[in-house]
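What follows is a single structure, written as structure tokens, with notes after it.
The values are calculated or read from the model by the stated rules, or taken from the named source; none is laboratory data. These numbers come from a predicted model, not from an experiment. All Cβ positions, glycine included, derive from the backbone under ideal geometry; neighbour counts span all protein chains shown.
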Amino acid sequence: MMRQRVLCLSGSLRRISTNTAVLQAAQQLAPDTLELELYTGLGRLPLFCPDDDVEPLPATVQALRSAVGRSDALLIACPEYAHGVPGAFKNLLDWLVGSLEFPGRPVALLNTSGRGSFHAQVALREILRTMSAQLLESACMTVPLSGAGCEVGAILDNPARCAELRGVLAALATELSSG
Ligand SMILES: Cc1cc2nc3c(=O)[nH]c(=O)nc-3n(C[C@H](O)[C@H](O)[C@H](O)COP(=O)(O)O)c2cc1C
């Protein structure tokens, strides 16, 4: 069976992060047709500067681009900071703007804020569209979780949250198998 590779990107650097936890839960709940890999290099990326966006790239940037290039889709869970996308995550996206690997890549968004995290989600969509991502609307979902940082076990212990995540992963699998 052909498995589709999904690279999971958390926009949070916190040790106990709701956004990282929801992606770790998704890894546990994924159907057999999807292989979810969690990217863990966010905090090691240098600050983006166009002068440095040349060969040879910093090793951490090359690793990010290779991981994106190996994936069939990206699954992003990103918090809202001051009504915007956190700087660390925007920095990651900036490193992908000039890459060959990112344009056209299918992307699904998980929004863990029960209050909507409206501004950051709108901004993130605009950024991703500008970067020529292919937004998979049927696989984008709000999974309302406590904003105070939660562990993966708390999500996996919640049947309603697990059902929502299984639903979004099934939609992602359908999108990828039809695309
Ligand atoms: C500096 C900072 C600014 C924040 N600004 C907002 C905001 O504008 N709107 C919002 O809904 N939450 C805001 N939050 C709350 C975070 O989005 C929320 O705690 C989120 O769950 C953090 O994700 P994480 O657990 O994955 O780190 C802010 C948190 C911090 C630390």
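None of A108, A120 is touching a Gly at 6+ places or on another chain (Cβ under 9 Å) and outside any loop (DSSP other than H, G, I, E, B) except A120. Comparison of A25, A77 shows that the only residue that is within 16 Å of the ligand (Cβ to nearest atom), under 21 Å from G167 (Cβ atoms) and either basic (K, R) or in contact with a Ser or Thr (Cβ under 8 Å, 6 or more places away or on another chain) (or both) is A77. In the range 28-46, the residue that is nearest to the ligand (Cβ to nearest atom) out of those that are more than 16 Å from K90 (Cα to Cα) and part of a loop (DSSP other than H, G, I, E, B) is A30. Take the conditions (1) surrounded by fewer than 20 Cβ atoms within 10 Å (Cβ to Cβ); (2) among the hydrophobic types (A, V, I, L, M, F, W, C); (3) at pLDDT 95 or above; (4) closer than 24 Å to P106 by Cβ; M2 misses just one of them, which is (3). Filtering the range 123-136 for residues that are farther than 30 Å from M2 by Cβ and surrounded by fewer than 13 Cβ atoms within 10 Å (Cβ to Cβ) leaves a non-empty set. Exactly one residue out of T142, T130 is more than 16 Å from R14 (Cα to Cα), modelled with pLDDT under 95 and either within 9 Å of the ligand (Cβ to nearest atom) or hydroxyl-bearing (S, T, Y) (or both): that is T142. Yes or no: L169 under 22 Å from D32 (Cα atoms), modelled with pLDDT of 95 or more and part of a helix (DSSP H, G or I)? Criteria met by L169.
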